[in-house]
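J.: Would you mind keeping the following structure in view while I ask a few things?
Every read-out reported here was derived from the displayed coordinates using simple, explicitly stated rules and does not represent laboratory data. Just so we're clear, the structure is a prediction, and the values are computed from it rather than from any experiment. Note that we place each Cβ from the backbone using ideal geometry, even for glycine, and neighbour counts take in every protein chain shown.
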Amino acid sequence: MKRILSILLLVSFGLPAAARSLGEESLQTSARELAVSTLASDTTHKQRFLPTRRRIDREINKLKFAYKGEVIMGLTASYGTLTSDDTDVLLILDNIDADGTFTTVKPFVGYFYRDNSCLGARFGYNHMSGTLDKGALFDLGENNDISLNIPYLDFQSNNFSFGIFHRSYAGLDPKGRFGLFAEFELSVSTGTSRFSYESEGKIKRTFSDNTQLKLAFNPGAAVYIFPNVCATLSFGLGGIQYTSVNQKDEQGNKIGSREASSMKFKLNILAINIGMTIHMWDKKKR
């Protein structure tokens, strides 16, 4: 009888306690699930409205100077002379009679694959010559006992080149008449040169075959002088170049060679070019 009463009491008081325990565990589980769900929802909400990083637009292409689809043809040229009469450097020299000239002509064609950006090809011809007459006297003055007779010297060079270039424009006014551009050019040139000099009363000559590979930076300015005609002025600011020279005598026998590479970034007065560009398709009118 006592055992039956004990079992009844245990059942009476144990079942509610177990039920309460199960209820508490269920509540705790539900609370944890609710917290995890709320946290996930919060994270998704924040990610949805979190501002994303965007590339800063400096509005370089906001002003259009040239439009996608245009084809251009043009020509750049430079010419200069140097004589002993118009330079201050040679004033320290007495009876010097020297002169030199350089000429560069470069036709090109290009295509604007997008607004203000052009990819093209350029051909070129370069001629240089200089002469120093014989009998010139190198004299540093009465107070300096230094003098030297310079023999006859003459130099002639002709080179042909081919290159590809990329030019990026930036407009300066809303009407697109004035602009600046930055140009990178990869070119290869080849040619010959002749050096003549006096030795033992005779004129001797040596010849050279020249090859040069160059990556150059040529910025400049442009202005439309007519609706489809643009004038340009560019400056050579140097770059990276590799040069190979093979020297021969008058009989064509190889007597020497030289290879050199350099990286220079400075204004080159021999690479100041005035040019003219014709835009074959003016989309600004459309």
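J.: Can you flag which of Lys204/Lys266; Lys214/Lys248; Lys106/Lys264 are past 27 Å Cα-Cα?
T.: Pairs exceeding 27 Å: Lys204/Lys266.
J.: Using modelled backbone amide H atoms (1.01 Å from N, in-plane), which distant-in-sequence or interchain residues come within less than 5 Å of Glu70's amide H?
T.: Distant-sequence amide H within range of Glu70: Phe112.
J.: Something else about it: Want the number for Val109 to Glu200: 0.36 nm per residue separation, take away the alpha-carbon distance, what's left?
T.: 27.7 nm
J.: Residues in the range 250-274 near a label at Ile240, defined as backbone nitrogen under 12 Å from the 7 Å Cα→Cβ point?
T.: Only 262-264 pass the distance filter.
J.: Still on this model: Taking the Cβ of Phe162 as the center, what net charge do the other residues with Cβ under 11 Å away carry, scoring Lys and Arg +1 and Asp and Glu -1? Walk me through the intermediate numbers first.
T.: Details: positive: Lys106, Arg122; negative: Glu185.
With Lys, Arg at +1 and Asp, Glu at -1, the net is +1.
J.: So for the range 160-286, taking the charge dipole from beta-carbon charges (+1 Lys/Arg, -1 Asp/Glu), which of Tyr242, Leu267, Pro227 sits furthest toward the positive end?
T.: The residue sitting most towards the positive pole is Pro227.
J.: A further question on this structure: Within the set of other residues whose C-beta is less than 13 Å from the C-beta of Ala77, count the net charge using Lys and Arg as +1 and Asp and Glu as -1.
T.: Combined, the nearby Lys, Arg, Asp and Glu give +2.
J.: Let me ask you something else. Run the numbers for Phe162 and Leu233: contour at 0.36 nm per residue of separation, minus the present Cα-Cα distance, in nm.
T.: 23.5 nm
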